[in-house]
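Novice: The structure under discussion is supplied below as structure tokens; questions concerning it will follow.
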Amino acid sequence: MADTPAAKQVVLVTGSNQGIGFEIVKKLVAEQPTYHVLLGCRSLSRGVEAVSKLEKLAGSVAPVVVDITSDESIAACVAQIEREHGKLDVLINNAGIGRHAVEELPSLRAKMAALFDVNVFGTLVMTDAAMPLLQKAADQGSVPRIVFITSEMGSLGNTLNPSWKYYQHNTSIPYKSSKAAANMIGACYSTLFEKQGWKINCCCPGLRKTAFNNHLSVAMDVEEGAVRAVYLATLDGNGPTGTFTNIDGTEPW
Ligand SMILES: NC(=O)c1ccc[n+]([C@@H]2O[C@H](COP(=O)([O-])OP(=O)(O)OC[C@H]3O[C@@H](n4cnc5c(N)ncnc54)[C@H](OP(=O)(O)O)[C@@H]3O)[C@@H](O)[C@H]2O)c1
């Protein structure tokens, strides 16, 4: 076990070889010397390349392969973390896709299925599989934390509000529905583990320039998209649970 010192908190960030996930890893590695960050990647070579960009930072980071659409890949990832670290203190469910990733698919049903496979089914199965490792962290006195990177696009309150800035984008039904479902997953887990003191929250990174949206010119700087997730990943026992927020404050569910 443990190429990681026992005192280190172990964090897994899914889908973090690029985009917002990579910025979350970078911020954690730069600011949290007592954390060991596992950079989740579908391709090990892309993960190794991403980790190489963090060499100058003080903290500790390593790639771990996980494709959340595959039960086998999730099981292998969890087994590897168990073998090497024996526990998981923080899970950040960041891996996700948007409409650009599915636009070549032939039908609405196929697009919807692909979006839900990653954003909903994968997120839930990954979380469920990580629970025993999070419990092991709790048994060692840690406060387990789970962060769901969802989206304000998945908010029912926003969707029904004519003054919401993206009211005209209510046409993105498959993606918005998938993120509403991801919010529900986070909300359910937060209630199930509230009494045990776990901190389980959802957050929206805001519209950020990444591959997800083909680096949309009007999107904001990607680095800042990591701020809220890192705050939620580093909560202590007094922190909030069952919240849905963005960098400026509360989002309506
Ligand atoms: N960018 C925005 O404006 C925005 C706004 C609101 C919410 N979000 C959410 O933020 C999260 C990150 O998005 P991003 O903008 O950083 O996108 P991105 O740059 O496209 O990065 C997405 C990451 O997820 C990984 N991924 C995709 N499918 C996966 C799977 N089946 N299993 C494991 N990993 C997988 C990708 O791996 P590969 O590199 O191998 O493709 C990549 O590392 C997503 O959940 C997204 O919905 C983004």
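Novice: Cut-off under 18 Å on the C-alpha distance; same-chain residues fewer than 8 positions from LYS136 excluded. Which aspartates and glutamates are left, in chain and number order?
Specialist: Answer for LYS136, where 18 Å is the Cα cut-off: ASP3, GLU82, GLU84, ASP89, ASP128, GLU194, ASP236, listed by chain and number.
Novice: Which three numbers, in whole Å and largest first, are the semi-axes of the equivalent ellipsoid of the range 136-191 derived from its Cα gyration tensor as √(5λ)?
Specialist: Numbers: eigenvalues 196, 20, 14 Å².
Taking √(5λ) for each eigenvalue gives 31, 10, 8 Å, largest first.
Novice: In Å and from the alpha-carbon atoms only, list the Rg and Dmax of the range 9-250.
Specialist: Radius of gyration, then largest Cα-Cα span, for the range 9-250: 16.9, 51 Å.
Novice: Also: Rank by packing, highest mean first: peptides 194-200, 92-98, 151-157, 70-76, with packing defined as the count of other Cβ atoms within 10 Å averaged across residues.
Specialist: Answer by packing, highest mean first, reads 92-98, 151-157, 194-200, 70-76.
Novice: Something else about it: With a 10 Å Cβ neighbour count serving as the proxy for reagent exposure, in which order, fewest first, do THR34, THR234 appear?
Specialist: THR34, THR234
Novice: Arranged from highest to lowest average of other beta-carbon atoms within 10 Å per residue, in what order do the peptides 209-219, 11-21, 176-186 appear?
Specialist: In descending order of packing, they fall as 11-21, 176-186, 209-219.
Novice: Once a ≥ b ≥ c are taken as the square roots of the eigenvalues of the Cα gyration tensor of the range 1-102, is the result rounded (a/c under 1.5), prolate (a/b larger than b/c) or oblate (a/b not larger than b/c)?
Specialist: oblate
Novice: Restricting to the range 9-250, what percent of DSSP beta bridges are antiparallel, rounded to 5?
Specialist: 5 percent
Novice: Which one, LEU156, GLY40, THR123, is farthest towards the positive end of the dipole of the range 9-250 when Lys and Arg carry +1 and Asp and Glu -1 on their Cβ?
Specialist: LEU156
Novice: Here is a further query. Tell me the relative contact order for the range 9-250 as a rounded percent, counting alpha carbon contacts under 8 Å between residues six or more apart.
Specialist: 19 percent
Novice: Highest mean first, how do 55-62, 138-145 rank when packing is the count of other Cβ atoms within 10 Å averaged over residues?
Specialist: Listed from highest to lowest mean packing, they are 138-145, 55-62.
Novice: To make sure I understand the rule: partners must be lysines, Cα under 25 Å from the Cα of LYS176, and not fewer than 8 residues away in the same chain. Which ones qualify?
Specialist: The qualifying lysines are LYS111, LYS165, LYS199, LYS209.
Novice: Assigning unit charges at the beta carbon (Lys, Arg +1; Asp, Glu -1) and nothing else, what dipole magnitude in debye, to the nearest 20, does the chain show about its Cα centre?
Specialist: Dipole of the chain, to the nearest 20 debye: 280 debye.
Novice: For the charge dipole of the range 9-250, defined by +1 on Lys and Arg C-beta atoms and -1 on Asp and Glu C-beta atoms about the Cα centroid, which residue among LEU207, THR234, VAL10 has the Cα displaced farthest towards the positive pole?
Specialist: LEU207
Novice: Continuing with the same structure: So if I place +1 on the C-beta of Lys and Arg and -1 on the C-beta of Asp and Glu, and nothing else carries charge, what would the dipole magnitude of the range 143-253 be about its Cα centre? I want it in debye, nearest 20.
Specialist: In debye, rounded to 20, the range 143-253 gives about 240.
Bear in mind that the values in this text are calculations on the coordinates, not laboratory data. Nothing here was measured: the structure is a model prediction, and the numbers come from that model. Ideal geometry is used to build each Cβ from the backbone, glycine not excepted, and the neighbour counts take in all protein chains shown.
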